[in-house]
1. Looking at the stretch 152-163, is at least one residue at pLDDT 95 or above, closer than 28 Å to C62 by Cα and crowded, with 21+ Cβ neighbours inside 10 Å?
2. Please identify the pairs in which a residue from the stretch 185-197 that is farther than 16 Å from C78 by Cβ has its Cβ atom under 8 Å from the Cβ atom of a residue that is open to solvent by less than 90 Å² (accessible area, probe 1.4 Å), counting only partners at least 6 apart or on another chain.
3. Every residue in the stretch 166-185 that is loosely packed, with under 13 Cβ neighbours inside 10 Å and modelled with pLDDT of 95 or more, please.
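The values are calculated or read from the model by the stated rules, or taken from the named source; none is laboratory data. Note that the structure is a prediction, hence the values are computed from the model and not measured. Glycine also receives a Cβ, built like all others from the backbone with ideal geometry; neighbour counts cover every protein chain displayed. The protein model used for the area step is the full one, side chains on, heavy atoms only, and it has no ligands, DNA or RNA in it. Shrake-Rupley method; radii C 1.70, N 1.55, O 1.52, S 1.80 Å.
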Amino acid sequence: REIVTTLLPSIRFSDTPVAEIDEDDIADSLLDARTSIQNEFGFKRFNRLGMDLQDRLIHAECFWLSCKDGDDALTFACDIYAALQKTFRQTLFGALPPDIRDSEFSVMTQNKAIRSGLGQLPECLRTVNPIAIKTTLQGADQTLGACVIAFLLTSDDDTLRSVADIQPSFIADIAEIINRRGHGNECLFLPKDDIGKLRKAAYRTIKTLLEV
């Protein structure tokens, strides 16, 4: 029995006491996270985010407020990844796709990124599946990477230059979040400082997208 419990901690025997969940503690944690996010974005901007995006950010902030060095930050990475994807979804709503072939997506986005001052696209963005990009351009976003490419394709040069001026690390910040999350199926043990850097990168990018 001890061996089973050690190797498979999710297994619970019928006579094993289950830790009680303090609903007041959970409510307090959510309230603290909500207040922290409101302070981060400002009350008016927070209310513009929409319920789904707010919930993702609150969930991520709950983790941030309680995490310690070496904690598994995968759920946090998944939450900020999803929050960014939702923000891009709002930004892309109603955008008209460019009249180009799928095979031209990569070259066009790279040229626009360089021309606007955003710099070279990292591998995680250069290798986004063209089918996912096309589907995202049609209004059904597939991945965060596809959203970034769709944003580059549908934005004019002035908008992209504004992004580069506001957040020179725009592309690098998003790439870091994509790479850290990976496929979302492996543990992500990180020092709290690294978790904080991901948090800042995500929030910084969301603020930029809301501003341009």
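1. No, the conditions are met nowhere in the stretch 152-163.
2. P191/G70; K192/C67; K192/D71; G196/W64; K197/E176
3. Within the stretch 166-185, N179 is the sole residue that qualifies.
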